[in-house]
Amino acid sequence: MNRRLLIALTLAALAHGADAQDGAPIKMVVPFGPGTTTDTVGRVVADALGKTLHQTIIVDNRAGAGGALGSDTVAKAAPDGRTLVMGTVGTHAINAALFRKLPYDTLRDFAPVAFIGYTPTLLVVAPASPAKSLKDLAALAARPEGITFASAGNGTSGHLAGELLAQRLGGRMIHVPYKEGAVAMTSVMSGQADFMFYHPAAVMPQIKAGKLRALGASSAVRSAAASDVPTLMEQGIKDFDLVAWFMLYAPAATPAATLAQLRSASANALALPDVVARLRDQGIEQRAMKPDEMVPFNQGELVKWAELVKRSGAQVD
């Protein structure tokens, strides 16, 4: 009886440790600055997940090195379920090819918790631009001086989408990197740069205000936030399916029971109507993804973006 009691007490203690993490606060690292799309998405998820778990979740912005700095702190954090990171296509797919010495390994050092969703990008030009269509843009790029495209920085999804478009359309397209997406967008609106790829949440207000015009969407299907904008593939550009995405990760050695609890709570949180609406307001389109689908998805994204980085020649270290 004593042995059985000891086993029962041990199992109860383990269950309590996995359940609600002993009530201790959870830290969600957002590897980009306040006000960014990743920050907004992270705070929506942190709020909903905290309520689902009945715990406090603190958002910790740790920007730097294209998100590598903050991501690395989570890769090396104690695997107890108390430290998570709001990963992105940049931190957990593009960076692996962009950095020669990335301090973490995307697949080895992280355990996926929940796929939050994805957002296409829209190819936008200034309203005064002579490019009214992709055909017009190609004609402008065919001139000796070519055209310019802006992005939020070297190796970002907007940069690589522009490089892929240059390969598909031909002509000369010169990349102009900025430190922030908002600054890059301003350069397009003012005509300093000819076009850019950027998130619907950022460009749709400018499109509605007549300050930008959309020529196409970067995804295989139209963006729910801009359903009247045809995809590039609809317009004859082959194999052009690039989206930015967000996934919540824990350190790789996090116990299975703790991961199961976090995954279940995340699924419940992401299904809440208020959360669906708040994410949709940011241009995020949700996609249900089972735990055993997340690693293969991440593997495929690493391969796809590595090819684009190689073709573009982008490197940051």
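Counting other Cβ atoms within 10 Å as a rough exposure proxy, the listed residues ILE57, ILE94 run ILE57, ILE94 from fewest neighbours to most. Calculated from the structure, mean projected area of the Cα convex hull in nm² equals which of [x] 23.5; [y] 16.9; [z] 26.7? The value matching this structure is [y]. Using C-alpha pairs below 8 Å separated by at least 6 residues, the relative contact order for the range 122-226 is 40 percent.
As a proxy for reagent exposure, ranking SER187, SER218, SER266, SER227 by other Cβ atoms within 10 Å from fewest up yields SER227, SER187, SER266, SER218.
Under 5 Å from the amide H of HIS175 lie the amide H atoms of PHE149, each residue being 5 or more positions distant or on a separate chain, with H modelled from the backbone and absent for Pro and chain starts.
Antiparallel beta bridges, as assigned by DSSP with both residues in the chain, represent about 55 percent of the total such bridges.
Highest mobility in the GNM of the chain, judged by mean-square fluctuation with C-alpha springs under 10 Å and restricted to ARG143, ARG43, ARG263, is found for ARG143. Checking the Cα-Cα distances for LYS135/LYS208; LYS238/LYS310; LYS208/LYS304; LYS132/LYS238 against a 26 Å cut-off, the pairs over it are LYS208/LYS304. Where only DSSP H runs of four or more residues are counted, the chain gives -13000 deg cm²/dmol as its mean residue ellipticity at 222 nm, each run worth -39500 (n - 2.57).
With the charge dipole of the chain set up from +1 on Lys and Arg Cβ and -1 on Asp and Glu Cβ about the Cα centre, the Cα lying farthest toward the positive end among the listed residues PHE115, LEU140, LEU262 is that of LEU140.
The GNM of the chain, with springs linking C-alpha atoms under 10 angstrom apart, assigns the highest mean-square fluctuation among GLY87, GLY42, GLY50 to GLY50. In the range 205-317, the convex hull through the Cα atoms has an average projected area of 10.3 nm², a quarter of its surface area. Once C-alpha pairs closer than 8 Å and six or more residues apart are averaged by separation and normalised to the residue number of the chain, the relative contact order reads 26 percent. Between the amide H of VAL316 and those of ARG100, distances stay under 5 Å, these residues lying 5 or more places away or on another chain, with hydrogens modeled in the peptide plane.
Of all the options PHE297, PHE32, PHE240, the one that moves most in a Gaussian network model of the chain with Cα springs shorter than 10 angstrom is PHE297. Dividing the Cα radius of gyration of the range 122-226 by its Kirkwood radius returns 0.92 for Rg/Rh. Between 0 and 90 degrees, rounded to the nearest ten: what's the tilt of helix 256-270 against the longest Cα principal axis of the chain? With rounding to tens, the tilt is 50 degrees.
Take every DSSP beta bridge whose two residues both sit in the range 122-226; close to 50 percent of them are antiparallel.
Label separation (ASN268 vs GLN286): 1.5 nm, computed from points 7 Å beyond Cα along the C-beta direction. Annotation: lysines with alpha-carbon distance below 25 angstrom to LYS27 (same-chain offsets under eight excluded): LYS51, LYS76, LYS290.
Positive end of the dipole of the range 122-226 (Cβ unit charges, origin at the Cα centre): among VAL176, LEU160, ALA126, the Cα lying farthest that way belongs to ALA126.
Given +1 at the Cβ of Lys and Arg, -1 at the Cβ of Asp and Glu and no other charges, the dipole of the chain around its Cα centre is 120 debye to the nearest 20.
Residue by residue, the range 172-185 carries 3J(HN,Hα) couplings of 10, 10, 9, 7, 10, x, 10, 6, 9, x, 5, 5, 4, 5 Hz when phi is fed to the Karplus relation 6.51 cos²θ - 1.76 cosθ + 1.60 (θ = phi - 60°); x denotes Gly or Pro.
Residues HIS54, HIS175, HIS92, arranged from fewest to most other Cβ atoms within 10 angstrom of their Cβ, appear as HIS54, HIS175, HIS92.
Taken together, the values in this text are just the output of simple stated rules run on the coordinates, not laboratory data. Note that the coordinates shown come from a computational prediction; the quantities given were computed from them, not determined experimentally. With ideal geometry, Cβ positions are generated from the backbone for all residues, glycine too; neighbour counts draw on all protein chains shown.
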